[in-house]
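To keep things clear, I will list the structure first and then write my remarks on it.
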Amino acid sequence: MSANKPQQNHVPLAQRMRPNTLEEFIGQSHLLGEGRPLRQALETGNLHSMLFWGPPGTGKTTLANMIAQRVNAEFIKLSAVLSGVKDIRAAVEQARFLRDQGRDTVLFVDEVHRFNKSQQDAFLPHVEDGTVVFIGATTENPSFELNNALLSRSRVYVLKSLSVKEMRQVIDRALSDHDDGLADLGLVMSDSARDKLAQAADGDARRALNLLEIASDLAQPGDEGNVIDEAVLKSVLSDGVRRFDNKGEQFYDQISALHKSVRGSNPDAALYWLCRMLDGGCDALYIARRAVRMASEDIGNADPRALQLALNAWDVLERLGPPEGELALAQAVIYMACAAKSNAVYSAFGKAMKTVRQQGSQEVPLHLRNAPTQLMKSLDYGREYRYAHDEPEAYAAGEHYFPDDMKEPRFYEPVARGLEIRIAEKMQHLRELDKQARHKPQREEKTL
């Protein structure tokens, strides 16, 4: 550590290495590249309320601080985890005082999605009258987590996880910086070790620097300096670092990716997303329930075995639990991805439900009604019903099974894949028999 900054010895490396200028900032080129919207706002000093939405360690707080510095505005930071309405009011009062002095205030709210509706509403009048420039940071989808009123008054900027290449830049800068970084510690770290750390940080610059700082404490003396080798990294990275926000935005994105990989008949991608979720701590039984849905929605009667295999995997998970049961789930997911696909059942169900809801409670035709009593028989319940097993090919050709005044709709349209090829052939044959059947005499209803 540089001798001219001894007071920073206790400050975490991630905080010390926080960039102060656009030139030092790494990542988010889609926002900060030449001519990009956020860079233009910074260069012109065009302050406006905004929301930074992105994963941890992508620079949300840093960008907010840089914006305040760029326009010489006061920077007030609140954490939605620790702050309440009282803290919001105090920040607003401070901003009012500064406005009277001719100075702007940037009010930065970290984890803004954790504020409830009333807390979010507390910002609105002060944003609208210009008392504060509001900047919120969130790791969750603001469409779901923020009030529409606040969302409509803010421009949303989406931040992305840092690439491995960008993460290497973060690590290299920290190792070579003499003022705030680790250059004075005489650390020796090979390119392969740096690459491994960059990969393990999983797009989170703060995590990368925290892990690097821990590794620097564990570095072993060597001929050329203090070495951060594979053994040190293994110790630092032993707990894993993959990101998975259970029940949050990433959770639903990943289950969506799994479902769409199965639907897209890509077993390798389906297995990848399954393992991502399991590795992140997702409840395997939840995935099993979703697998049953996939089997009905996207495979259906093209391969009915998929539904049974999904149910079997669910059963094995309940009997054995993880990790043994997870293998059965992987088997089901791979099978479903490889199976013939049909959404004919899914589509037919939707059409039938729509028809039922539109046409009301039509009566069951007399010949289809049950007649367990003499009274019902006297009312012709079940009369002229044709028992299919007594008919040629066990099919009552020309029989009508819908309500009397209802035209026969066609909901189920088998696809030309898997078992549904044979189903379609059979249904076409039966329809031909219907056409050939003689028109039956119309039944008359009796009254009591």
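Taking the condition in the same structural domain as Glu413 (by TED's automatic domain parsing) and over 27 Å from Lys435 (Cβ atoms), does Pro372 pass?
yes
Among the residues of the stretch 278-291, is any under 23 Å from the mean Cα position of the chain (by Cα), at negative phi, surrounded by fewer than 17 Cβ atoms within 10 Å (Cβ to Cβ) and hydrophobic (A, V, I, L, M, F, W, C)?
yes
I'm trying to understand the selection: among the residues of the stretch 153-183, which are in contact with an Asp or Glu (Cβ under 9 Å, 6 or more places away or on another chain), assigned to a helix (DSSP H, G or I) and more than 24 Å from Lys60 (Cβ to Cβ)?
Answer for the stretch 153-183, where residues must be in contact with an Asp or Glu (Cβ under 9 Å, 6 or more places away or on another chain), assigned to a helix (DSSP H, G or I) and more than 24 Å from Lys60 (Cβ to Cβ): just Ala183.
Tell me the residue from Tyr401, Tyr381 that is under 45 Å from the mean Cα position of the chain (by Cα), of a type in the set (Phe, Trp, Tyr) and modelled with pLDDT under 90, please.
Tyr401
Applying the selection to the stretch 297-325, what residues are closer than 22 Å to Val345 by Cβ, buried (at least 18 other Cβ atoms within 10 Å of the Cβ) and not charged (D, E, K, R)?
Within the stretch 297-325, Ile299, Gly300, Asn301, Ala302, Ala306, Leu307, Leu309, Ala310, Ala313, Trp314 meet the criteria.
Could you tell me which numbered condition Leu150 fails, if it satisfies all but one of (1) part of a loop (DSSP other than H, G, I, E, B); (2) in the same structural domain as Ala64 (by TED's automatic domain parsing); (3) over 22 Å from Gly57 (Cα atoms)?
So Leu150 meets the others, but not (1).
Considering only the stretch 317-356, state which residues are out of contact with any helix residue (DSSP H, G or I) (no Cβ under 9 Å at 6 or more places or on another chain) and basic (Lys, Arg).
Scanning the stretch 317-356 gives Lys351, Lys354.
Please work out if Arg39 is in contact with a helix residue (DSSP H, G or I) (Cβ under 8 Å, 6 or more places away or on another chain) and either modelled with pLDDT of 90 or more or in a loop (DSSP other than H, G, I, E, B) (or both).
no
The values are calculated or read from the model by the stated rules, or taken from the named source; none is laboratory data. None of these values were measured; they are calculated from a predicted model. Here the Cβ is made from the backbone with ideal geometry for all residues, glycine too, and neighbour counts use every protein chain on show.
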